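Novice: Pasting in a structure now, in structure tokens, and then I'll have a few things to ask.
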Amino acid sequence: MTDAARDVVVAGGGPGGCAAALALRAHAPGLSVALVEASAYGGERVGETLPPPAADVLRHLGVWEAFAAQAHHPAYGTAAAWGTPVPYENDFLYHVRQVGWHLDRGAFDGMLADQAHARGVQVVRETRVLDAERAADGWRLSLSDGRELRARFLIDATGAGAALVRRRGGGRLVVHDRLAGFVRFFRQPAGGGTPHTLVEAFADGWWYTAPLPDGRRVVACMTDTDIARGLRLDEEAAWHALLAASAPRVSASLADAVQDGEPVVRAARSGWLDAAAGPDWIAVGDAASTFDPLSSQGILKALRSGIYAAYAAGDLLAKGDDAGMHRYRAFVQREFDGFLRTRARYYADEARWPEREFWRRRHASAAEPAHV
Ligand SMILES: Cc1cc2nc3c(=O)[nH]c(=O)nc-3n(C[C@H](O)[C@H](O)[C@H](O)COP(=O)(O)OP(=O)(O)OC[C@H]3O[C@@H](n4cnc5c(N)ncnc54)[C@H](O)[C@@H]3O)c2cc1C
């Protein structure tokens, strides 16, 4: 069965896709927009610390009241045992004395999709875009429920890898490392553990922990995939033994905590799509570029890129003006270059294990990126 054609289909309803759909409705209300999301926003979602400047972006998107009505926890900054075994507190490095949030990610992403629906976006949940093919009259997207959607323009917001547009020749993925997160969740009595996001470096990578609004705590070991294999991080006993041996501060934050839910492994490599937009598509959020989670910038960056992409796509479709599409491509590249410089400075601050492979890779200034 084929549905009526839309002007825009957004594939993926994370922060990037939802921001794009919301901003399109505000910027070019004459365009019809559908958003297709694979999940029902249940299950474990990784990435939970939202820095203070997100408040302005949420206001711009018109979702601040809905966000404030949710039960996300205030976050007052990051404590980092980085370059030294004694943690120092960061007050959100660039945003002193401002408050961020520890998010319930499922609730946050679901709220954004609800808001998009309320503004006239057709939101299709629990449905995966299996493939996107170009036909003479635009895109044909095959969905996991058997339907086909037609659209003039495709926004790929499916997250890291930009699978849909890359399958159709859109851009090459340039990756700079093999970082992955080996994540476990814990239930903890109220007031247990540190209220901050806590980062603790060790010889083969770094750990982080943060409290979650639902009485749980997330703990992740971040290292390169090949190093993780040697550490057997996918095995529960090895993960716990490494935590106890290498991260005393993160370990201590688990007082009285009981493991809860399934472990999650997520790629967390830094990379970008060397062309983040084509004549009839654009990639947003992690689909356009991924930042090392050390930056805690991924969600904010996804929201912003969704807004910029919506302006570019709206001008193209409503006015035939493609200047925004060119600006967007240049913006993604510039933003990623800036992130790489900050990342290099941050990793240079940890000099306790210069001979270890994880740190050696990050300190090597002229590391060649790989094309995937
Ligand atoms: C271990 C780890 C920790 C992190 N910690 C933080 C943090 O503390 N703070 C922070 O800001 N960022 C953090 N990040 C990064 C952050 O999670 C991402 O940058 C952010 O989620 C990107 O949003 P997005 O909308 O681009 O992609 P995603 O959040 O990945 O959303 C993509 C959406 O597309 C859907 N989807 C995928 N394929 C399809 C398909 N074919 N059809 C339909 N739907 C599809 C998915 O279900 C998902 O809802 C972390 C990342 C990792 C890996």
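The values are calculated or read from the model by the stated rules, or taken from the named source; none is laboratory data. The model shown is predicted, which means the values in this text are computed figures rather than measured ones. Cβ: placed from backbone, ideal geometry, glycine included. Neighbour counts: every protein chain shown.
Novice: Check region 310-317 and report whether any residue there is touching a strand residue (DSSP E or B) at 6+ places or on another chain (Cβ under 6 Å), buried (at least 21 other Cβ atoms within 10 Å of the Cβ) and at pLDDT 95 or above. Before you say what the answer is, go through the steps one by one.
Specialist: Our first condition is that a residue be touching a strand residue (DSSP E or B) at 6+ places or on another chain (Cβ under 6 Å); within region 310-317, this holds for 313, 317.
Now narrow it down to the ones that are buried (at least 21 other Cβ atoms within 10 Å of the Cβ): 313.
Pick out the ones that are also at pLDDT 95 or above and you get 313.
Within region 310-317, one or more residues are touching a strand residue (DSSP E or B) at 6+ places or on another chain (Cβ under 6 Å), buried (at least 21 other Cβ atoms within 10 Å of the Cβ) and at pLDDT 95 or above.
Novice: If you scan region 6-20, which residues turn out to be out of contact with any Ser or Thr (no Cβ under 7 Å at 6 or more places or on another chain), of a type in the set (A, V, I, L, M, F, W, C) and within 11 Å of the ligand (Cβ to nearest atom)?
Specialist: Quick first cut of region 6-20, residues out of contact with any Ser or Thr (no Cβ under 7 Å at 6 or more places or on another chain) only: 8-10, 13-15, 17-20.
Now restrict to residues that are of a type in the set (A, V, I, L, M, F, W, C): 8-10, 18-20.
Matches in region 6-20: 9, 10, 18, 19, 20.
Novice: While we're here: Has region 252-260 got any residue that is buried (at least 22 other Cβ atoms within 10 Å of the Cβ) and hydrophobic (A, V, I, L, M, F, W, C)?
Specialist: Of the residues in region 252-260, the ones buried (at least 22 other Cβ atoms within 10 Å of the Cβ) are 253.
Going one step further and asking which of them are hydrophobic (A, V, I, L, M, F, W, C), we end up with none.
No, region 252-260 contains no residue that is buried (at least 22 other Cβ atoms within 10 Å of the Cβ) and hydrophobic (A, V, I, L, M, F, W, C).
Novice: Right, something else. Between a first residue in region 190-215 that is free of Cβ contacts under 8 Å to residues at least 40 places away in the same chain and a second residue that is part of a strand (DSSP E or B) and basic (Lys, Arg), which pairs have beta carbons less than 8 Å apart while being 6 or more apart in sequence or on different chains?
Specialist: Listed by first residue and then by second, the contacts come to 215/187.
Novice: Sticking with this one: Check residue 135 against each of (1) within 24 Å of residue 303 (Cα to Cα); (2) modelled with pLDDT under 95 and name the one condition it does not meet.
Specialist: (1)
Novice: Looking at 165, 199, 175, can you tell me which residue is surrounded by fewer than 22 Cβ atoms within 10 Å (Cβ to Cβ) and either within 11 Å of the ligand (Cβ to nearest atom) or of a type outside the set (Ser, Thr, Tyr) (or both)? Don't jump to the end; show me each part of the working.
Specialist: On the way: 165 fails: surrounded by fewer than 22 Cβ atoms within 10 Å (Cβ to Cβ); 199 fails: surrounded by fewer than 22 Cβ atoms within 10 Å (Cβ to Cβ).
Step by step, each of 165, 199, 175 is checked, and only 175 is surrounded by fewer than 22 Cβ atoms within 10 Å (Cβ to Cβ) and either within 11 Å of the ligand (Cβ to nearest atom) or of a type outside the set (Ser, Thr, Tyr) (or both).
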